[in-house]
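Below: one structure, written as structure tokens.
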Amino acid sequence: MSIHPSAIIQDGAKIGKEVTIGPFACIGAGVSIGDGTSVGSHTVIEGDTTIGKNNRIFSHAAIGTIPQDLKYAGEKVQLVIGDNNIIREFTLINPGTKGGGSVTKVGNNNLLMGYVHLGHDVIIGDHCILANGATLAGHVELGNHVVIGGLTPVHQFVHIGDYAMIGGASALAQDIPPFCLAEGNRAGLRGLNLTGLRRKLQREDIDALKLAYRELFEQGNPLQEIAQKLLEESDCEQVKNMCKFIITSKRGIPFTRKEKRKENVDEKM
């Protein structure tokens, strides 16, 4: 264990083995930090906050400070962070609120770049990347392997599925299904996240997702009906996951079907 003399560790804090805490860091009484985690200088960690093993927290992060919610009245709330996460400079992570289950959760192996904000009751899976200045409002939920570009705000209660990607400088206000790519202000679907999928999925699964995407978002039938049909008929687990997401979406899916081009044919008399 290596704790700088200027760091402040309040009585009651639980510090694991081989933890490093830098100059002028402040660790509150209700904090638990797992083995091998490093905490940078001037970082503040407060509240009922549990941090797992082998995380790297860089300078000036603010973790576990009270929710930015006017309804918060001092009730007991939590922040739970898993293992092997990288949390860069000036990141802000708030705990949950009574209205959202009272807990904010961050999984394992995530990269939160500088100035990222995770609002109250946010849930993040594993292997996600949030670029500089990405901001998640309250109650946002991310699956696994999600990528959010820099300077992108995400509206409260939005759900983003596994392997989805949101382009930088977008503004997302609706749900994004698994395996999809979205961008723009307001952000809308632009296709599948093929770059990410090619790293993780088999060719036959990607081909099945391509066919499903065309049927869901490029043809004229009602989205919910198509999703239910594919859920019942498809043998591809990824297609089924996408359809389940669409059927259960509460904020809707941001997409616009393109009208088929009409060709004018001159008739010869």
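Every number here is computed from the coordinates shown, using simple stated rules; none is lab data. Bear in mind the structure is a predicted one, so any value in this text is a computation, not a measurement. Using ideal geometry, Cβ is built from the backbone for each residue, glycine included, and neighbour counts are taken over all protein chains shown.
For the range 221-255 and the range 24-77, what is the centre-to-centre distance using only Cα atoms, to the nearest Å?
Comparing the Cα centres of the range 221-255 and the range 24-77, I get a distance of 38 Å.
Rounded to two decimals, what is the ratio between the C-alpha radius of gyration of the range 2-142 and 2.2 N^0.38 Å?
Details: Rg = 13.6 Å, N = 141, 2.2 N^0.38 = 14.4 Å.
Taking the Cα Rg and dividing by 2.2 N^0.38 Å, one obtains 0.95.
Quick one: dipole size for the range 2-142, taken about the Cα centre, charges +1 on Lys/Arg Cβ and -1 on Asp/Glu Cβ, in debye to the nearest 20.
Numbers: 9 positive and 12 negative charges, 8 e Å.
I would put it at about 40 debye.
Based on Cα positions only, what radius of gyration and what Dmax would you give for the chain, in angstroms?
Rg and Dmax of the chain, Cα atoms, are 21.7, 95 Å.
With charges only on Cβ, +1 for K and R and -1 for D and E, what is the dipole size of the chain about its Cα centre, in debye, rounded to 20? Each step should come with its number before you reach the end.
Values: 28 positive and 29 negative charges, 73 e Å.
That gives the chain a dipole magnitude of about 340 debye.
Using the Cα centre of the chain as origin and beta-carbon charges of +1 (Lys, Arg) and -1 (Asp, Glu), tell me which of Val77, Ile123, Gly168 is placed farthest towards the positive end of the dipole.
My answer, from the dipole projection, is Gly168.
Can you sort Met165, Met113 from fewest to most other Cβ atoms within 10 Å of each residue's own Cβ?
Numbers: Met165 24, Met113 20.
Ranked by crowding around the Cβ, least crowded first: Met113, Met165.
Only helical DSSP H runs with n ≥ 4 go in: add -39500 (n - 2.57) per run for the chain, normalise by residue count and round the 222 nm mean residue ellipticity to 500 deg cm²/dmol. Please list the in-between numbers first.
Details: 4 runs with 45 residues, N = 269.
Taken over the chain, the calculation gives -5000 deg cm²/dmol.
Can you tell me which of Gly150, Gly96, Gly16 moves the most in a GNM of the chain? Springs connect C-alpha atoms under 10 Å apart.
So, out of Gly150, Gly96, Gly16, the one fluctuating most is Gly16.
So, counting K/R as plus one and D/E as minus one, what does the shell of residues with Cβ under 11 Å around Leu79 add up to? Provide the component values of the computation, followed by the final result.
Numbers: positive: Lys105; negative: Glu46, Asp48, Asp121.
Residues near Leu79 contribute -2 overall.
Just add up the charged neighbours of Thr104: K/R +1, D/E -1, any other residue whose Cβ is under 15 Å from the Cβ of Thr104.
Numbers: positive: Lys76, Lys98, Lys105; negative: Glu46, Asp48, Asp69, Glu75, Asp121, Glu141.
It works out to a net charge of -3.
Report, to the nearest 10°, how far helix 223-233 tilts away from the longest principal axis of the Cα atoms in the chain, using its own Cα long axis and a range of 0 to 90°.
For 223-233 against the chain, the angle is about 90 degrees.
What's the exposure ranking of Ser170, Ser6, Ser32, going from fewest to most Cβ atoms within 10 Å? Could the numbers behind the result be given before it?
On the way: Ser170 22, Ser6 12, Ser32 17.
The most exposed by this proxy come first: Ser6, Ser32, Ser170.
Could you give the nm distance between label points at Ser41 and Thr195, where each point is 7 Å from its Cα heading toward the beta carbon?
The answer from the label model is 3.5 nm.
Per-residue HN-Hα couplings for the range 176-185, Karplus 6.51 cos²θ - 1.76 cosθ + 1.60 at θ = phi - 60°, whole Hz, x for Gly and Pro?
10, x, x, 6, 9, 10, 9, 7, x, 10
Could you please rank Glu183, Glu215, placing first whichever residue has the fewest other Cβ atoms within 10 Å of its Cβ?
Working: Glu183 18, Glu215 15.
Starting with the residue having the fewest Cβ neighbours, the order is Glu215, Glu183.
Taking N as the number of residues in the range 198-248, what is its alpha-carbon radius of gyration divided by 2.2 N^0.38 Å? Before the final figure, lay out each step's value.
Working: Rg = 10.6 Å, N = 51, 2.2 N^0.38 = 9.8 Å.
Normalised Rg, Cα atoms only: 1.08.
Could you please state, rounded to a whole Å, how far the C-alpha centre of the range 165-203 is from the C-alpha centre of the range 98-142?
17
Round to the nearest 10 and give me the degree value, 0 to 90, for the angle of helix 237-248's Cα axis relative to the longest principal axis of the chain.
Its long axis makes an angle of about 80 degrees.
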